[in-house]
Amino acid sequence: MATQKPQRSPAEIEDIILRKIFLVSLIDSMENDSRIVYFEMTAAEILSEGKELRLSRDLMERVLIDRLSDQFPSAEPPFPYLIGCYRRAYDEGKKISSMKDKAVKSELESVVKQAKKLAVSYCRIHLGNPDMFPNWDTSKSNVLPLLPLIFSEVSSSVDGFGGSGSGAIGCPPGFLEEFFRDSDFDSLDPILKQLYEDLRGSVLKVSALGNFQQPLRALLFLVSFPIGAKSLVNHPWWIPKGAYLNGRVIEMTSILGPFFHVSALPDHTIFKSEPDVGQQCFSEASTRRPADLLSSFTTIKTVMNNLYDGLSEVLLCLLKNTDTRENVLEYLAEVINKNLSRAHIQVDPISCASSGMFVNLSAVMLRLCEPFLDANLTKRDKIDPKYVFYSTRLDLRGLTALHASSEEVAEWLNKDHPGRADGSRQYSDGENRLLQSQEATSSGNYAGGPSPLQSNKPMSSCSEKAKYPFICECFFMTARVLNLGLLKAFSDFKHLVQDISRCEDTLSTLKAMQGQAPAPQLELDIARLDKEIELYSQEKLCYEAQILRDGGLLQHALSFYRLMVVWLVGLVGGFKMPLPLTCPMEFACMPEHFVEDAMELLIFASRIPKALDGVILDDFMNFIIMFMASPDFIRNPYLRAKMVEVLNCWMPRRSGSSVTTTLFEGHQLSLEYLVRNLLKLYVDIEFTGSHTQFYDKFNIRHNIAELLEYLWQVPSHRNAWRQIAKEEEKGVYLNFLNFLVNDSIYLLDESLNKILELKELEAEMSNTVEWERRSAQERQERTRLFHSQENIIRIDMKLANEDVTMLAFTSEQIIAPFLLPEMVERVASMLNYFLLQLVGPQRKSLTLKEPEKYEFRPKQLLKQIVNIYVNLARGDKENIFPAAITKDGRSYNEQLFSAAADVLRRIGEDGRIIQEFIGLGAKAKVAASEAMDAEAALGEIPDEFLDPIQYTLMKDPVILPSSRITVDRPVIQRHLLSDNSDPFNRSHLTPDLLIPNTELKAKIEEFIRSQQLKKRGEGLSMQSAKDKIQTTTDGMTLID
């Protein structure tokens, strides 16, 4: 029978476990494990104290200190040794958990727990005081041994790029938790500060394809401990200080800056990150398979979203902690305030943070906004407009406001708000609980800051520090970040595309010249341009990968700007028309870029397939309709014109979406106000105040014309249009018609003159002998001029066609405004001029080889002109149109009507139209004859009866109130349609200020009457004389 194994006492088991954990022995038993150290001196001391040579919890720390204090051959350095102790204690603990004797189990568990605690404690002591114990580890950083453990801890959550290295040290379960959780701040702070510096350094100049995810997860792990969060925001590099601090310095030197710098977007060479995303993913993209490009796009989008998620988790972790929240807001504000010049067209890359950082920050801020971007925007009442006036956190001074000037803001604040703003408030426990879901409050110290729009006068009455909800702070910060980040990136992308287009045009020209006359310099220029285009193309694809292909980013931004427009509309009383009579100052003072950025985003997103899918556009539509024709609310006409650009992108034929069709055709405000406000903006845009206003208006009116043409085809909008024309016959509709006629004349005249110039250039270039004799430079200049003229003709013709088309379809159903006294002669002159150009003697000189290429369609144009003639003749109940046609001395010629009729027959125009047109020509001929008779009857007209502008007989003389000059009412009214000023002294003038000159009118009427009577008397006298002669003649015959 086998002998039973003797039972070990708890003290013996404790000794065995502790020897295993600490790899030490008090008895020289010639252990095989070379790591085990025999403590001879310690053993002697224990014996001298009368104790047994066994390890116990009482001797644990003493043994550990002895082990760390001396250098033993083949033993581990302090840090790996202590980690090993913790790991072995953990392993022993697992064995103990299966013991049946509960008393022994509990006792030994307590021993193991104490051993682990000692290992952690001495790890802290060693890392915080590296010189305390002999250390033969040659690592430069004292904290470096801790980093692999942290990386190992977080590696399971890292996928793709930035995964843990193959040789990473495994971290014993629970070690890091115990290391960071149970300690005082002063002990851990130096260790954490070094850790943060090492993490920052590990992502410095790392691109989207580099190893950033491991350091990012490590950062998140550290800030998840309250002590880690506190140490981070107290680090000197949290917000770097210094006289030379700027946006780029913050990006490169702050702890978070290099994490935000990780990007796929291009940056200045000095700060270029590796690996080069453009080079690695998009070099020679034109030769790559679409599947390869798609794979690159997907990779970049995925890793960037990992970055956005990680950084937003870091910030959210810090924001949820009441001790660190204020520091985060200060950091964000500092980043924004030190990068204000990113809003400039030209950005200095040395003093400003990169586009990459600001696009990343845009994505992160949008994630922080998510809890209050719900479908019903229920939290919008927490956004306080007074933040713009009083916040000292953000530097909002100098931003252009929607309508108010800085003086108006200062006056309003001083007059109406002498005390503390009612936006300041304290927060309830309930609101503080909301912090856990990002609904935190934060101190926003708006104490007595100057008014936001360039006013330097301090607000002495607001000396008390106030608080704003986190939602309010986050809203305004996000608006500023998006302006300097995502929206700026859109602008940069647009310029990049234009640069590529320009380079390609130049390259095409150089290659053509090289084909004609090869030269070494041309060869070099072509090679240089090829290289430039390749680099630009790589950059373009990087933008596409990080921004355009990220539907989630665009949708988050659209949700934010939906909140923006709904909130702004709330400041004027909500979505209802008409608007208030006066613009509330809260609205007038809001930064203009809030609205401009919303419009730019909508335009950009509308041009990306499926980017608007699922986005609620109704609120944007309401906003645009309400404000695009309201200069008393939004002063900048170019901003209001941008709203039309948005609508233009949404036209069903362009968007291809049924959602946008509903916006135009089933939307209440749209049906009631869209046409009216488009017509009003068409008029307003004549005077923008810019030095380029004359040319700008054509581009803006092109967008309006396209929209109006579409809306005319929608019956409900066409009915609204007819109603407006009736109500505003002498108002905005007449102005609209006047500018439409003015533009048509100018554009067609410009186009036709440019065609003549183009034909001259064409003749020069086709004369090969003469052309070759010219110098290469001259040939190049003339070729450039030729292409420039082609573009001008194409654009002007396109715009002229739109205007004539609009005149044609509106004149079919809305005739009265065309026939008003101040309008009818202007319209007739325009039609006569077009007719002269199209069928007159010089028509053959306008023949082009490829007229379609220049949008020049003379047959269609002639049909439309003739249709306008016929439409107006049909509605001319008082027969005034034929006389107006003949009053045009410059272009009218009765033969043009028959010439035009011949052309119309040849091109297959409707026979009824031709007959009506010929009939109108006949009426005009009769009217011309009658006019000549009437003029002859009047004889010499006194100068005082002649209009000083047209030198025609006045019918309704009026006195101009300022210059006191008398003019004919239709003449001055026609002038006032284009210019609200007295033509003689430029003082302000409107039709209602005209003073009827009744005395002069009576004189003119008397003069006409007397001249007619005189003429009639002369006629009777002549008839009497004729009768006498006839009688005498007859008598003579009888006598014969």
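The values are calculated or read from the model by the stated rules, or taken from the named source; none is laboratory data. Computed from a predicted structure; not experimentally measured. Quick reminder, even Gly has a Cβ in these numbers, built from the backbone with ideal geometry, and neighbours come from all protein chains shown. Side chains included, ligands, DNA and RNA excluded: accessible areas come from the protein's heavy atoms. Shrake-Rupley method; radii C 1.70, N 1.55, O 1.52, S 1.80 Å.
A few comments on the model shown:
- Identity of the residue in region 878-892, in contact (Cβ under 8 Å) with a residue 60 or more places away in the chain and either β-branched (Val, Ile, Thr) or open to solvent by 20 Å² or more (accessible area, probe 1.4 Å) (or both), that ends up nearest to residue 749 (Cα to Cα): 890
- When 206, 233 are checked against the criterion of being among the aliphatic types (A, V, I, L, M) and either open to solvent by 50 Å² or more (accessible area, probe 1.4 Å) or at pLDDT 95 or above (or both), 233 stands alone in meeting it.
- Filtering region 209-230 to residues that are open to solvent by 30 Å² or more (accessible area, probe 1.4 Å) and more than 36 Å from the chain's Cα centre (by Cα) leaves 226, 230.
- Residue identified as β-branched (Val, Ile, Thr) and buried (at least 18 other Cβ atoms within 10 Å of the Cβ) among 659, 732: 732
- Long-range neighbours under 6 Å by Cβ, at least six apart or interchain, first residue in contact (Cβ under 8 Å) with a residue 24 or more places away in the chain within region 606-632, second open to solvent by 30 Å² or more (accessible area, probe 1.4 Å) and in a helix (DSSP H, G or I): 608/548; 619/562; 625/673; 629/680
- Pair list, Cβ under 8 Å, 6 or more apart: region 77-105 residue under 11 Å from residue 17 (Cβ atoms) and part of a helix (DSSP H, G or I), other residue at pLDDT below 85 and of a type in the set (Lys, Arg): 96/105
- Helices (runs of 4 or more DSSP H) contained in region 637-721 and holding at least 1 residues touching a residue at least 24 places away in the same chain (Cβ under 8 Å), within 23 Å of residue 575 (Cβ to Cβ) and among the hydrophobic types (A, V, I, L, M, F, W, C): 637-650, 658-665, 668-684, 693-712
- Output for region 484-507, where each listed residue is in contact with a Ser or Thr (Cβ under 8 Å, 6 or more places away or on another chain) and among the charged types (D, E, K, R): 488, 492
- When 333, 343 are checked against the criterion of being of a type in the set (A, V, I, L, M) and either in contact with a Gly (Cβ under 9 Å, 6 or more places away or on another chain) or open to solvent by 10 Å² or more (accessible area, probe 1.4 Å) (or both), 343 stands alone in meeting it.
- Here 492, 499, 505, 550 are screened, and the one residue that is among the charged types (D, E, K, R) and either free of Cβ contacts under 8 Å to residues at least 24 places away in the same chain or open to solvent by 60 Å² or more (accessible area, probe 1.4 Å) (or both) is 505.
- Scope region 979-1016; condition within 43 Å of the chain's Cα centre (by Cα) and closer than 20 Å to residue 953 by Cβ; matching residues: 983
- Checking each residue in region 600-612 for being closer than 16 Å to residue 560 by Cα, open to solvent by 20 Å² or more (accessible area, probe 1.4 Å) and not in a helix (DSSP H, G or I) picks out only 612.
- Checking 361, 377, 394 one by one, the residue that is more than 24 Å from residue 619 (Cα to Cα), open to solvent by less than 10 Å² (accessible area, probe 1.4 Å), modelled with pLDDT of 85 or more and in a loop (DSSP other than H, G, I, E, B) is 394 and no other.
- Pairs where the first residue, in region 967-994, is under 16 Å from residue 821 (Cβ atoms) and the second is assigned to a helix (DSSP H, G or I) and open to solvent by 70 Å² or more (accessible area, probe 1.4 Å), C-beta under 7 Å, 6+ apart: 970/821; 974/826
- Count of region 808-860 residues, restricted to those that are within 13 Å of residue 755 (Cβ to Cβ) and either of a type outside the set (D, E, K, R) or touching a Lys or Arg at 6+ places or on another chain (Cβ under 8 Å) (or both), is 13.
- Test: residue in region 332-339 that is modelled with pLDDT of 90 or more and more than 14 Å from residue 481 (Cα to Cα): no
- All conditions in (1) open to solvent by 30 Å² or more (accessible area, probe 1.4 Å); (2) assigned to a helix (DSSP H, G or I); (3) not acidic (Asp, Glu) hold for residue 976, with the sole exception of (1).
For (1) within 41 Å of the chain's Cα centre (by Cα); (2) open to solvent by 50 Å² or more (accessible area, probe 1.4 Å); (3) closer than 22 Å to residue 723 by Cα, each residue gets a yes or a no:
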{"position": "773", "(1), (2), (3)": "no, yes, no"}
{"position": "787", "(1), (2), (3)": "yes, yes, no"}
{"position": "809", "(1), (2), (3)": "yes, no, yes"}
{"position": "822", "(1), (2), (3)": "no, no, yes"}
{"position": "829", "(1), (2), (3)": "no, no, no"}
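- Some residue of region 941-956 being assigned to a loop (DSSP other than H, G, I, E, B) and open to solvent by less than 30 Å² (accessible area, probe 1.4 Å): yes
- Residues of region 478-514 that are β-branched (Val, Ile, Thr) and more than 17 Å from the chain's Cα centre (by Cα): 500, 506, 509.
- Residues that are open to solvent by 40 Å² or more (accessible area, probe 1.4 Å) and small (Gly, Ala, Ser) were ranked within region 61-96; the one that is modelled with the highest pLDDT is 69.
- For region 831-844, filtering for residues that are outside any helix (DSSP H, G or I) and either open to solvent by 50 Å² or more (accessible area, probe 1.4 Å) or at pLDDT 90 or above (or both) leaves 0.
- Looking only at region 811-820, and only at residues there that are part of a helix (DSSP H, G or I) and out of contact with any Phe, Trp or Tyr (no Cβ under 8 Å at 6 or more places or on another chain), the one that is surrounded by the most Cβ atoms within 10 Å (Cβ to Cβ): 818
- Whenever a residue of region 575-602 is more than 15 Å from residue 629 (Cα to Cα), its partners that are open to solvent by 50 Å² or more (accessible area, probe 1.4 Å) and at pLDDT below 95, lying with C-beta atoms within less than 6 angstrom and at least six residues away or across chains, give the pairs 592/400.
- Of the helices (runs of 4 or more DSSP H) lying entirely inside region 847-909, the ones with 2 or more residues being basic (Lys, Arg) and farther than 29 Å from residue 786 by Cβ are found at 858-874, 894-906.
- Test set (1) open to solvent by less than 70 Å² (accessible area, probe 1.4 Å); (2) modelled with pLDDT under 80; (3) not polar (S, T, N, Q) - residue 1 fails condition number: (1)
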